[in-house]
Amino acid sequence: MPPSQTPRAGRAFQAPRGTRDLLPDERAGLAHLERTAAGLARRYGYRGIETPFFEQTEVFERGVGAVTDIVEKELFRLQPRTEDAETWALRPEATAGIARAYVQHGLHTLAQPVKLSLTGPMFRYDRPQAGRYRQFWQWDVEAFGDPGPAIDAEIVELGLRFFREAGLDDVDVLLNSIGDGACRPAYVADLVAWYRDRADQLPPVERQRLETNPLRLLDSKAPAMVALNAGAPRLVDRLCEACQAHFDAVRAHLDALRVGYRLDPGLVRGLDYYTRTAFEYYRRGAEGQQQALGGGGRYDGLVELLGGRPTPGIGFALGLDRTILALRESGRLPAAEDAPLAVIVGADGAATAERLRLATDLRAEGLPVRADLAVRKLGRQLETAGRDGAHFAVIVGEEPNGDHVQLRDLKAGTQRSIAITDLARELKRAGSSHHHG
Ligand code: HAM
């Protein structure tokens, strides 16, 4: 190591570029979304699953697609270790890993559909900017074994409900069908020919993409491409009969649910596994940008691609970081509700063991209490209790009777003597109105 890089005491480190620390307020925001997701998963019948944060690289190469941006440019590949023949990568998304688990554990033997939910961090070597991170959180749901169309509508509606219950009421869904193996190949061939005729109008990046992943040109946000794409042939006009019937039926089910959606023939998604239904969630007015709040679709070929028997599937992933940003922007991010119900303070500043013991007993009863463990005057202890937002201060050592303490209601400004044996019951009673009142 060159001398300039010798580690020395006092060097300040930073979180890796594109990652952030979630400090308590922001962690509380994420917890709010995790709770919202868990509640909805339960209501809609999605059971929890966890998969490893890393998988064999091939799971993503095959699942997501080797020539997608996510795998080609953004995959965090782990340095191979000499003793292992495998190569691994951090998961850029959850669907491929969950499908791998479905095959590995023979979940096709369970009653279908198998509906699964996962919340956790994903990793993409993306160019960092606001709302685009190298580690970010998703809520992901997947339903295996149901060809739709009703479940497609159920899932689209579930995503909208998540945003609404999280506190965002201006989220729209864009919908498209991207066909399947029966109709897409012929369409793609025509699309490539159409772009080739206009090769001189294509920016260099897009000209290259035309050779590897032509569908992606359709959702390019480059101004020249947006204008050009307005006249491009559309897959929705070329769906085979079965895909057309499926798409019509998905729309009919959304109508029956009174879910409003906007058709977007240019929506193609950035992952290779999709068939038929594709959708993305945006805040109203932000559809033109690349910052979807979430997206998903059907992937009827994925399980087979990963070694399972042919199994239809559909799911979505919602971006929790972007949801937190949107909530904060609209002033809807709930404040952390972590003020203690009570703080245990003492007339004898030095008697910290007494305060700690009482707090420990109350915590054992399930109460959220803090003990003031600093050796300092009662006045200072009470001041801090007020600043912490505590509802009560429990003052020990002021009563002539050692079985009693003073219970001060810091909100109401009242105070009374109470037996220690009654304290937990009294705080529990007050606590139920403290948190829900
Ligand atoms: P995706 O569209 O790649 O789909 O990602 C879903 C959402 O994750 C995005 O809409 C966005 O909100 C969030 N997201 C993606 N990349 C980043 C990033 N770098 N920083 C912050 N947020 C990000 C999937 O991942 C598919 N697995 C969805 C799916 C599930 N399809 C079927 N089942």
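The values are calculated or read from the model by the stated rules, or taken from the named source; none is laboratory data. Here the structure is a predicted model, which means the values were calculated and not measured. With ideal geometry, Cβ positions are generated from the backbone for all residues, glycine too; neighbour counts draw on all protein chains shown. Protein only, heavy atoms only, side chains kept; ligands, DNA and RNA dropped before computing areas. Shrake-Rupley method; radii C 1.70, N 1.55, O 1.52, S 1.80 Å.
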Discussion item. As a test, work out the antiparallel percent of DSSP beta bridges whose residues both lie in the chain, rounded to the nearest 5.
Written reply: 80 percent
Worksheet item: Taking only the alpha carbons of region 166-244, what extent do you get along each of the three principal axes, in Å, biggest first?
Response: 46, 33, 21
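Taking the convex hull of the Cα atoms, report for region 287-359 its projected area averaged over all directions, in nm².
The orientation-averaged projected area of the Cα hull of region 287-359 comes to 11.7 nm².
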Practice prompt. Restricting things to alpha carbons, tell me how big region 152-201 is in terms of Rg and Dmax, in Å.
Written response: 17.9, 48
Worksheet item: Rounded to the nearest whole Å², what accessible area per residue is found for region 14-77 with the 1.4 Å probe?
Response: 58 Å²
Worksheet item: Just how far, in whole angstrom, is region 160-176 from region 107-158 if you go by their alpha carbon centroids?
Response: 15 Å
Worksheet item: Of the heavy-atom accessible surface of the chain (probe 1.4 angstrom), what whole percent is carbon and sulfur?
Response: 51 percent
Discussion item. Normalised by the empirical 2.2 N^0.38 Å for globular proteins, what value does the Cα Rg of region 227-303 take?
Written reply: 1.17
Worksheet item: Put +1 on the Cβ of each Lys and Arg and -1 on the Cβ of each Asp and Glu in the chain; which of Ser433, Pro92, Leu302 then has its Cα farthest toward the positive end of the dipole?
Response: Ser433
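Restrict the search to region 14-43; then list the trypsin sites (Lys or Arg not before Pro) that DSSP places in a loop and that have at most 11 other Cβ atoms within 10 Å of their Cβ.
Arg17
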Worksheet item: Taking a ≥ b ≥ c as the square roots of the eigenvalues of the Cα gyration tensor of region 85-206, is the shape rounded (a/c under 1.5), prolate (a/b larger than b/c) or oblate?
Response: rounded
Worksheet, complete the sentence: Given 37 °C, 0.692 mPa s and a Kirkwood radius over Cα pairs, the Stokes-Einstein diffusion coefficient of region 237-282 in µm²/s is 276 µm²/s
Worksheet entry | Size of electric dipole in the chain: Cβ of Lys, Arg +1 and of Asp, Glu -1, about Cα centre, debye, nearest 20 | 840 debye
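What value does region 266-420 have for Rg/Rh, both radii from Cα atoms and Rh as Kirkwood defines it? Mind dumping the intermediate values first?
On the way: Rg = 27.6 Å, Rh = 20.4 Å.
That ratio is 1.35, to two decimals.
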Worksheet item: Under the classification rounded if a/c is under 1.5, otherwise prolate if a/b is larger than b/c and oblate if not, where does region 206-358 fall, given a ≥ b ≥ c as square roots of the Cα gyration tensor eigenvalues?
Response: prolate
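What value does the chain have for Rg/Rh, both radii from Cα atoms and Rh as Kirkwood defines it?
Rg divided by Rh gives 1.10.
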Item to complete: Over region 250-408, give the accessible area per residue in Å² for a 1.4 Å probe, as an integer.
Response: 45 Å²
Worksheet entry | Residue among Gln201, Ala41, Leu174 farthest towards the positive dipole end of the chain, charges placed on Cβ | Gln201
Fill in: Selected from Phe123, Phe13, Phe247 as most flexible by GNM, with the chain as the system and alpha-carbon contacts under 10 Å
Phe13
